[in-house]
1. Quick one: Leu185 ticks every box in (1) under 24 Å from Gly262 (Cβ atoms); (2) within 16 Å of the chain's Cα centre (by Cα) bar one, so which box is it?
2. How do the pairs read when you match residues in the range 123-135 that are open to solvent by less than 70 Å² (accessible area, probe 1.4 Å) with residues anywhere that are of a type in the set (D, E, K, R), using Cβ under 6 Å and keeping only pairs 6 or more apart or on different chains?
3. Mind listing just one residue for me: the one in the range 4-14 that is part of a loop (DSSP other than H, G, I, E, B) and not aliphatic (A, V, I, L, M) and, of those, surrounded by the fewest Cβ atoms within 10 Å (Cβ to Cβ)?
4. Within the range 110-122, how many residues are buried (at least 19 other Cβ atoms within 10 Å of the Cβ) and closer than 30 Å to Thr247 by Cα?
5. Which condition number does Ala107 fail, the rest of (1) at pLDDT below 95; (2) within 20 Å of Leu69 (Cα to Cα); (3) open to solvent by 60 Å² or more (accessible area, probe 1.4 Å); (4) under 21 Å from the mean Cα position of the chain (by Cα) being met?
6. Here is a check on your reading of the model: is Leu69 touching an Asp or Glu at 6+ places or on another chain (Cβ under 8 Å) and under 30 Å from Ala206 (Cβ atoms)?
7. For the range 63-98, which positions are at positive phi and either touching a residue at least 12 places away in the same chain (Cβ under 8 Å) or not small (Gly, Ala, Ser) (or both)?
8. Being acidic (Asp, Glu) and either surrounded by 19 or more Cβ atoms within 10 Å (Cβ to Cβ) or more than 24 Å from Trp140 (Cα to Cα) (or both) is the requirement here; does Asp195 meet it?
Amino acid sequence: MMITVRPFQAGAMDYQVMATVYSAMAPDAPLNATEWRVRDELRDSRRVLYRVIGEIDGVAAGYAEYFQLTWCAEPDYIETFICVHPVYHGYGLGTALWQHVHQAWQALQPRHVLLRVREDWHTGRTFAEHRQFREARRWWTSRLELATFDPSPFHSAIERVEAQQIELRSFAELATKDPAFWMKLYEFERQTSCDVPSAFPTQIPAYERWIKFYQPDYGALWEGSFAAIAEGEIVGISTLEILDNDTDLEVGFTAVHRDYRGRGIALALKLATIAYAQAAGATGIRTDNDSVNLPMWQINQRLGFRRGPVWIVMRRNEQGKEVT
């Protein structure tokens, strides 16, 4: 049996390899080749992305990567991910991929290395722990089944917000009426993104990079994304995205300005996105929840989102580096 590790080629074939391998490990939450390609295109090209494909007897059976995170404020954090098709577990491919990427990132001299592993990937967690990774936090994807969602218990939620002289408007409407809308949105996210729980210190990208996340070509739904407006200013948002004609929609970002929290704005915004998704014929809405962000998880639970498999974010502090 011959194990080979080769460079990743940014073409349809290797994106499909990633999609096949990852989806075999997470069949309940697969990612297709288009989603992998779009994720790469949205990365900050000035930051490192290193990826390889692992083959067994010429068959592409796994991949590994490490990268500097676009939203991270410090360059000495990197994230790594190693994935092997379950049919090929136990043949040493994971070890070969680890040895390769571990050696490759030495020139970068990171202080912290993050790694994600699903809670039900027991061998994966053991693999990580044997390489000095330790649990840092948890997050999970939850899903709302739209066919069974009943809005009647929430009939007064939007009225409560509007009674406070706060209007809910779609991004499509606001972008048409206000030439400064996108810059206002950027400033809102600059103020609120640092409040999002994270395994690393966050910093919003430069405007030219950030605006790409809101391009329809990359899945942004302006009609299905909503902002709460008070006295002409954005005080809350909840966004929806879609990729590759998927029947589910995904929440991109939900946030409320610190001065306006506790007024029911997040709930009202989510109800607006749900109403749009139902009218658009979507089957469900998926969103991610960090274990630290309990207020948002409580809103999602109240709406009927059901938690899926838990992801564990593990961290390794590189030897020889002072850690504070």
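The values are calculated or read from the model by the stated rules, or taken from the named source; none is laboratory data. Because the structure is predicted, anything quoted here is derived from the model rather than measured. In this analysis, Cβ positions are derived from the backbone assuming ideal geometry, glycine residues included, and neighbour counts consider all displayed protein chains. To get the accessible areas, we keep the full protein, side chains included, count just its heavy atoms, and leave off ligands, DNA and RNA. Shrake-Rupley method; radii C 1.70, N 1.55, O 1.52, S 1.80 Å.
1. The number of the failed condition is (2).
2. Pairs found: Phe133/Arg316.
3. Gly11
4. The initial filter retains those residues of the range 110-122 that are buried (at least 19 other Cβ atoms within 10 Å of the Cβ), namely 110, 112-115, 117, 121.
Subset that is closer than 30 Å to Thr247 by Cα: 115, 117, 121.
Result for the range 110-122: 3.
5. For Ala107, the exception is condition (4).
6. yes
7. Result: Gly92, single match.
8. no
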